[in-house]
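Peer 1: My questions will all concern the structure given below.
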Amino acid sequence: MSAYTAAQWFLFFYVYCFLGWCFESTVVSVSKRKWINRGFCKGPVIPIYGFGALAILFVTLPVRNWVIPVFFLGMVAATILEYGVGYLCEIIFKVRYWDYSSRPFNVKGYICLRSSLCWGVLSVLLIEFLHVRVESWILRIPGEISNIIALIMTTLFMYDFASSVKTALDLRDMLAQLEAYSQKAREEVRGLQSRLELVASVRKEEWEQKLEDYRKREEGESIFRWITGMERIASTLEQNEKVGQIRQELQAWHIRVQEHWDAARRRMTKDKIRLLKRNPTTISRRYGQLLQKLLTRAQEKAEQDSKK
């Protein structure tokens, strides 16, 4: 294992990215009872499995003949990698493409005991069974050909990865803009609410004063004329100019917020919808509700596309 060339390491990476995609897509598809093209990238690769496999190979080279050290070293290396990737994804993209918060013995939702134990089992399977066969196949490829294949695969992978990163960054920026606009709208509506409460309190005082005046006169007035007087006061209050202005401003903000969301929906390109569709468990602590709305939109769009 220690005598691999750079091209061979790259080929190992892409093989395990693909096998990881097969494994992850199968597991998620079975749990969701429908086909899910899982992963961050558009192609049939999941980079964390490729990096995880390389990390396991590196740390287990000195002890590859002993199962228990392979289990624990591979588990630790892959767990550290998973935590780092999860943390960086949330820092950069403001979302989590996986979350273990609901599982016991998790660390900030990035890793959990169950996932770590799975990495340990995969480490043993990788070293004892899988890599022997992959290694045999890769080592049969002549050096020049392996260099060419590695170059082509790297070019395709980098294009796919860069495109996926751009899509994720666009999604992050869209969430940030929606959050900023929603916050602005909330502040404006909160101000309108305060104004409405102030007007309502003035109206209440006016109402109570009118009622008191009518109560003093109630014995000398017929019930019909008393009710008629109350109706006249109510009619006057309902036509209050300040209340009308506040209603108009609230209606205007309702229209503006709706237009802003309509614009965001138009920005939900196929690439963004596919990214969310490939990662149905995506969550965001910062943009939670907004992301859920966009996920719903992505699911609706996917259903519409499937019917066409």
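Peer 1: Please compare each pair in K34/K108; K34/K277; K42/K272; K42/K166; K32/K293 to a cut-off of 18 Å on the Cα-Cα distance and tell me which ones are over it.
Peer 2: Beyond 18 Å: K34/K108; K32/K293.
Peer 1: Once the Cα atoms of the range 55-199 are picked out, what are the Rg and Dmax in Å?
Peer 2: My reading of the Cα-based Rg and Dmax gives 23.7, 84 Å.
Peer 1: Given the alpha-carbon gyration tensor of the range 6-141, what are the semi-axes of its equivalent ellipsoid in whole angstrom, ordered largest first, with each equal to the square root of 5 times an eigenvalue?
Peer 2: The three semi-axes for the range 6-141 are 24, 19, 14 Å.
Peer 1: Next question, about the same structure. Put a dot 7 Å past each Cα toward the Cβ at S194 and K166; how far apart are the dots in nm?
Peer 2: 4.5
Peer 1: While we're on this one: Grab the Cα-Cα distance for C118 and Q251, subtract it from 0.36 nm times how many residues apart they are, and report the gain in nm with one decimal.
Peer 2: Contour length minus Cα-Cα distance gives 42.5 nm.
Peer 1: Compute the relative contact order of the range 6-141 as a whole-number percentage, counting only Cα pairs closer than 8 Å that sit 6 or more residues apart in sequence.
Peer 2: 22
A short reminder: the numbers here are calculations on the coordinates, not readings from a lab. Bear in mind the structure is a predicted one, so any value in this text is a computation, not a measurement. Virtual Cβ from ideal backbone geometry, glycine too; neighbours counted across all protein chains shown.
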